[in-house]
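Colleague: The structure follows.
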Protein chains: 2
Amino acid sequence: MRTEANTNGKMGRPRGFDEDTALDAAMRVFWEKSYEGATLSDLTDAMGINRSSMYAAFGDKEALFRLATTRYANGPAAYLREALEKPTLREVIESTLRGTADFLSNPDNPRGCFSVQAALACGTDAESVKQAMIEFRKHGDAAVKRRLQQAQRDGELETGVNPADFSRYLGTLVQGLGIQAANGATKAELHRVVDLALRHMGY
Amino acid sequence: MRTEANTNGKMGRPRGFDEDTALDAAMRVFWEKSYEGATLSDLTDAMGINRSSMYAAFGDKEALFRLATTRYANGPAAYLREALEKPTLREVIESTLRGTADFLSNPDNPRGCFSVQAALACGTDAESVKQAMIEFRKHGDAAVKRRLQQAQRDGELETGVNPADFSRYLGTLVQGLGIQAANGATKAELHRVVDLALRHMGY
DNA sequence: GCACTTCTGGACTAAAAAGTCTAAAAGTTT
DNA sequence: AAACTTTTAGACTTTTTAGTCCAGAAGTGC
């Protein structure tokens, strides 16, 4: 099987698959079926590798899931980080909501938002995974909050508004859109929800 | 064991538990752990009954879940139907959002919204349950839409606004609040999100 | 009190899950 | 090409799951 030369300096047979490609496939399965709903067979089938290879390369199901989460943040969900880097508050907000509507209706992605679909509620032995996803979502809200504090320093956001509250409000809209998408809302429908949200915010 | 007289007209030993009480307990378990995450033992333990009694009284796990869903709609979620009966549009909207914030921070309820927590994403053999919950949520949005159409006839909602879009917008807020609650947002925090939403809508 | 019917407890079954193990295959280095 | 190391395939194990079964308990109506 063709592979690049062994990168880790060690000898031995090189891995017959690309870790990142396999991880992408696993991410999609978790996204569609949730942590508990995805079986090891679902995962390895999609990844195109054997069970042993999965365990050797990634550890176990939970470790694979955590890696998939990171990959989600840096891959499909990177648009959110980029939105926060826009120069003005207005652009930040528009780009966050428009980007979300586009993201959620991208036919290449499973319906809904990974961070909500994957492990919102679950059985007792997936409790740690659920907790990790809570932290993941809070982490996102915190990044928005910091950007809003910046906007407040820039005089773009009235001082009467609490950045933590406003970030929770934006998070509510973004994650609410995720549920609408999971319900099957189309791209146009999601954008019309964003139209209303923006209009109400005065944009 | 004390029971009312046999209501179904037939003879035999009467049921040793109250169906509705047991169903409430099952509903809570599904709400906390999701359909797939709730094991039969979780359920029967919470219901305080034996496995055989559960199967005899409710059918199987999926049938129990569907009954629990109906009970949710008529019990804890009834506040939403009541909100739609308010005389003015403003009251409908305020009551929906305020009611949701209260509902989601009621310490007697599990965190989050049953209709989202219970089966948003799941494995292949729970697909039908997932679909049923999509219908459940859409059904709710449709009821809001009808109320908004009424408001439009009453001249309370500008004719330029599409009731279907506006109902999706409200659904986005309500379900987004559910995720915030699942993240651990407090009652005050949820109400401050609602403050922002209402203020932006001009209320 | 007796015949009858339905419920109940708990052991049992079958299927599916995650995770392990071993022998063979496939590269790498010298 | 030979020695070495790691990967791979797939069978295997263990645990957990939903669902079944049956013997006995507990009511009802006459």
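The values are calculated or read from the model by the stated rules, or taken from the named source; none is laboratory data. Because the structure is predicted, anything quoted here is derived from the model rather than measured. Here Cβ is always computed from backbone atoms with ideal geometry, including for glycine, and neighbour counts include all displayed protein chains. Just so you know, the surface numbers come from the protein's heavy atoms only, side chains and all, with ligands and any DNA or RNA stripped out. Shrake-Rupley method; radii C 1.70, N 1.55, O 1.52, S 1.80 Å.
Colleague: Which residues, taken from segment A:189-203, are at the interface with chain B (Cβ under 7 Å from one of its Cβ atoms) and within 22 Å of the chain's Cα centre (by Cα)?
Modeller: The initial filter retains those residues of segment A:189-203 that are at the interface with chain B (Cβ under 7 Å from one of its Cβ atoms), namely A:189, A:192-193, A:196-197, A:200-201.
A:E189, A:V193, A:A197, listed by residue number.
Colleague: Could you say whether any residue in segment B:149-165 is within 11 Å of chain A (Cβ to nearest Cβ), assigned to a helix (DSSP H, G or I) and at pLDDT 95 or above?
Modeller: Looking for residues that are within 11 Å of chain A (Cβ to nearest Cβ), assigned to a helix (DSSP H, G or I) and at pLDDT 95 or above, one finds at least one in segment B:149-165, hence yes.
Colleague: Are any residues in segment A:166-188 basic (K, R) and facing chain B (nearest Cβ under 10 Å), and if so, which ones? Let's see the steps before the verdict.
Modeller: First pass over segment A:166-188, keeping only residues basic (K, R): A:168, A:187.
Scanning segment A:166-188 gives a single hit, A:R168.
Colleague: Something else now. Test A:A182 against the criterion of being under 18 Å from the mean Cα position of the chain (by Cα), more than 19 Å from B:L190 (Cα to Cα) and open to solvent by less than 20 Å² (accessible area, probe 1.4 Å), and give yes or no.
Modeller: Details: under 18 Å from the mean Cα position of the chain (by Cα): yes; more than 19 Å from B:L190 (Cα to Cα): yes; open to solvent by less than 20 Å² (accessible area, probe 1.4 Å): yes.
Yes; evaluated as a whole, the condition is true for this residue.
Colleague: Being more than 23 Å from B:G140 (Cβ to Cβ), at pLDDT 95 or above, of a type in the set (K, R) and not assigned by TED's automatic domain parsing to the domain that holds B:S128, is that true of even one residue in segment B:57-72? Even if it seems obvious, please write down each step before you answer.
Modeller: Let us first name the residues in segment B:57-72 that are more than 23 Å from B:G140 (Cβ to Cβ), namely B:57-61.
Going one step further and asking which of them are at pLDDT 95 or above, we end up with B:57-61.
Next, from what is left, pick out any that are of a type in the set (K, R): B:61.
Then keep just the ones that are not assigned by TED's automatic domain parsing to the domain that holds B:S128; that gives B:61.
Yes - at least one qualifying residue is present in segment B:57-72.
Colleague: Could you please find all residues in segment A:17-32 being within 15 Å of DNA strand C (Cβ to nearest atom), open to solvent by less than 60 Å² (accessible area, probe 1.4 Å) and within 14 Å of chain B (Cβ to nearest Cβ)?
Modeller: A:V29, A:F30
Colleague: Output the residues belonging to segment B:89-130 that are over 17 Å from B:Q180 (Cβ atoms), open to solvent by 30 Å² or more (accessible area, probe 1.4 Å) and not in a helix (DSSP H, G or I).
Modeller: Hit for segment B:89-130 is B:D108, nothing else.
Colleague: A further question on this structure: Quick check on A:K86: is it within 13 Å of chain B (Cβ to nearest Cβ) and open to solvent by 30 Å² or more (accessible area, probe 1.4 Å)? Spell out how you get there, then give the answer.
Modeller: Values: within 13 Å of chain B (Cβ to nearest Cβ): no; open to solvent by 30 Å² or more (accessible area, probe 1.4 Å): yes.
No; evaluated as a whole, the condition is false for this residue.
Colleague: Any idea which of (1) open to solvent by less than 50 Å² (accessible area, probe 1.4 Å); (2) assigned to a helix (DSSP H, G or I) is the one A:R66 doesn't satisfy?
Modeller: (1)
Colleague: A follow-up question, please. Which numbered condition in (1) touching a residue at least 12 places away in the same chain (Cβ under 8 Å); (2) farther than 25 Å from B:G176 by Cβ; (3) not small (G, A, S) is the only one that B:Y79 fails?
Modeller: With respect to (1) touching a residue at least 12 places away in the same chain (Cβ under 8 Å); (2) farther than 25 Å from B:G176 by Cβ; (3) not small (G, A, S), B:Y79 is out only on (2).
Colleague: Is one or more of the residues making up segment B:40-63 closer than 25 Å to A:S128 by Cβ, more than 10 Å from DNA strand C (Cβ to nearest atom) and not in a helix (DSSP H, G or I)?
Modeller: no
Colleague: Just to be sure I understand, how many residues within segment A:33-63 are open to solvent by 40 Å² or more (accessible area, probe 1.4 Å), aliphatic (A, V, I, L, M) and away from DNA strand D (no atom under 11 Å from the Cβ)?
Modeller: 1
Colleague: To continue, here is another question. Output yes when any residue across segment B:34-51 is in contact (Cβ under 8 Å) with a residue 40 or more places away in the chain and over 26 Å from B:F103 (Cβ atoms), and no when none is. If you could, list the steps in order and put the result at the bottom.
Modeller: As a first pass, look at segment B:34-51 and keep what is in contact (Cβ under 8 Å) with a residue 40 or more places away in the chain: B:34-36.
So of that shortlist, the ones also over 26 Å from B:F103 (Cβ atoms) come out as none.
Looking through segment B:34-51, none of the residues is in contact (Cβ under 8 Å) with a residue 40 or more places away in the chain and over 26 Å from B:F103 (Cβ atoms).
Colleague: Shifting gears a bit: Exactly one condition in (1) touching a Pro at 6+ places or on another chain (Cβ under 8 Å); (2) closer than 24 Å to B:N74 by Cα; (3) not small (G, A, S) is false for B:L157; which is it?
Modeller: Answer for B:L157: the failing condition is (2).
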